[in-house]
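One structure is given below, encoded as structure tokens.
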Amino acid sequence: METYFGTIKELLEQLKSYLGSNKTILVLDENTDCYLKDFQDAFGGDFTFLKLKSGEENKNLNSISKIWDFLNTNNINRNDTLLILGGGMVGDIASFAAATYKRGIDFILFPTTLLSMVDSSIGGKTGFNFNHLKNNIGTFNTPKAVFYSSEFLKTLPENEIYSGLAEVYKHSIIEDKETWNYLKNTASGFNYEYLTKSSFLLKSKIVAEDPLEKSSRKKLNFGHTVGHAIESYLLTKKTPVLHGIAIAKGIIIESYIAYKQKLLSEKDFKTIETEINIKFKKFFNFKIKLIDVLNLMKFDKKNTSNTINFSLPTTIGNVIVNQEISQEKVADYLKRYFSND
Ligand SMILES: NC(=O)c1ccc[n+]([C@@H]2O[C@H](COP(=O)([O-])OP(=O)(O)OC[C@H]3O[C@@H](n4cnc5c(N)ncnc54)[C@H](O)[C@@H]3O)[C@@H](O)[C@H]2O)c1
């Protein structure tokens, strides 16, 4: 897989020579159509696109069918390349559609959210939600190339930026103290190209070591055991929270669990808790009962009947996997963050 970084204009120039005489076909998210003109200007009339509705509720088979129809209608064949312009939602479904259409055609990603730049565009996971189960159907397929431009972030709402930033914090705690220090010392006005490149290097290294998530790739689940429970609970209550905001809370709570398990020093735990609260507290405006979080964690497919499996930090810059902790202990630790009133 190749990667390019630059302004939107530079990337499109690069893309033109990359595609050669092949058809230009694009799938985009409705909120990224302000960038359509850049593509139209670069490719003139020889350009076909499909605009998809945004939102996680559209990450479904119906949207995938629309993409397959669009590819068939335009007689797309195995020599053509599908361009995908959007965040993780459109990225995941259009990659899946491309990976399965005529047994697979090439696709190129233009990630437009910070989360898709630092996370979903790396690692080759494609898929969609099925029967209310998140990412229930999917494949592992790597894009032919990813074109990154932080210019796309100029139109992204602040809470979406922070949702992506949580994954950068996660990466920095897993294995990148330098980026941690940069984040801690930067109040606002982040250098997104630097953050995308550092996340890209880290995640692609971990994915290359363990592409199918049998062992070390599980490090990337740090913050997600608790974070997913928070996200799922709020979704069922129809008061959804952005993925990364739930993960930011998960990072704090799982760092506390690591401290209680004597894996992480109290000093490092407090440093993580303070830093994440400084940056994310304004988004933590949800209240969840202990019993609800615990119930969701018990049903997570990664867990056995008596224990919950975590990936936990031992210091800022190292995370270890497969930490099985009894449900009783987890319930006790979580009392610091959730009550039953
Ligand atoms: N494949 C993977 O490895 C992986 C990893 C993490 C997350 N994901 C998936 O990614 C999805 C979340 O991704 P996301 O956070 O990018 O959400 P998203 O794609 O839903 O985008 C968030 C919102 O921002 C809008 N948007 C996108 N780009 C914009 C721009 N430049 N300007 C203005 N608005 C813009 C979208 O329309 C949407 O409303 C989830 O479906 C999740 O399952 C996949």
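The values are calculated or read from the model by the stated rules, or taken from the named source; none is laboratory data. Values in this document were obtained by computation on a predicted structure and should not be read as measured data. Cβ: placed from backbone, ideal geometry, glycine included. Neighbour counts: every protein chain shown.
Some values worked out for this structure:
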read-out: Among the residues listed as Leu234, Leu296, the single one being closer than 30 Å to Gly189 by Cβ, surrounded by fewer than 20 Cβ atoms within 10 Å (Cβ to Cβ) and at pLDDT below 95; value: Leu234
read-out: Residue within segment 33-56 that is farther than 25 Å from Ile8 by Cβ, within 12 Å of the ligand (Cβ to nearest atom) and either in a loop (DSSP other than H, G, I, E, B) or at pLDDT below 95 (or both) present; value: yes
read-out: Hey, Lys102 within 14 Å of the ligand (Cβ to nearest atom) and basic (Lys, Arg) or not; value: no
read-out: Any hit, segment 238-255, residues being in contact (Cβ under 8 Å) with a residue 60 or more places away in the chain, away from the ligand (no atom under 16 Å from the Cβ) and outside any helix (DSSP H, G or I); value: no
read-out: All positions within segment 1-24 that are β-branched (Val, Ile, Thr) and closer than 17 Å to Glu193 by Cα; value: Thr3, Thr7, Ile8
read-out: Residues (assigned to a helix (DSSP H, G or I) and among the hydrophobic types (A, V, I, L, M, F, W, C)) located in segment 256-270; value: Ile257, Ala258, Phe269
read-out: Which numbered condition Leu153 misses (of (1) among the hydrophobic types (A, V, I, L, M, F, W, C); (2) near the ligand (Cβ under 7 Å from one of its atoms); (3) buried (at least 24 other Cβ atoms within 10 Å of the Cβ)); value: (3)
read-out: Pair list, Cβ under 6 Å, 6 or more apart: segment 207-219 residue under 15 Å from Asp119 (Cα atoms) and assigned by TED's automatic domain parsing to the domain that holds Ile174, other residue of a type in the set (Lys, Arg) and not in a loop (DSSP other than H, G, I, E, B); value: none
read-out: Residues located in segment 108-162, provided they are of a type in the set (D, E, K, R) and closer than 26 Å to Asp210 by Cα; value: Asp119, Lys125, Lys134, Lys144
read-out: Number of positions in segment 220-245 that are under 22 Å from Asp268 (Cβ atoms) and over 12 Å from the mean Cα position of the chain (by Cα); value: 5
read-out: Residue that is nearest to the ligand (Cβ to nearest atom) [pool: residues in segment 13-32 that are surrounded by fewer than 14 Cβ atoms within 10 Å (Cβ to Cβ) and at pLDDT 85 or above]; value: Glu30
read-out: Segment 185-206, residues that are of a type in the set (Val, Ile, Thr) and in contact (Cβ under 8 Å) with a residue 40 or more places away in the chain; value: Thr196
read-out: Residues (buried (at least 17 other Cβ atoms within 10 Å of the Cβ) and outside any helix (DSSP H, G or I)) located in segment 57-102; value: Lys59, Ile76, Asp80, Thr81, Leu82, Leu83, Ile84, Leu85, Gly86, Gly87
read-out: Test: Asn285 is out of contact with any strand residue (DSSP E or B) (no Cβ under 7 Å at 6 or more places or on another chain), without any contact (Cβ under 8 Å) to a residue 40 or more places away in the chain and part of a loop (DSSP other than H, G, I, E, B); value: yes
read-out: Test: residue in segment 170-184 that is free of Cβ contacts under 8 Å to residues at least 60 places away in the same chain, more than 10 Å from the ligand (Cβ to nearest atom) and of a type in the set (A, V, I, L, M, F, W, C); value: no
read-out: Conditions (1) more than 9 Å from the ligand (Cβ to nearest atom); (2) aliphatic (A, V, I, L, M); (3) in contact with a Pro (Cβ under 8 Å, 6 or more places away or on another chain); number of the one not met by Met117; value: (1)
read-out: Residue within segment 173-193 that is buried (at least 24 other Cβ atoms within 10 Å of the Cβ) and within 15 Å of the chain's Cα centre (by Cα) present; value: no
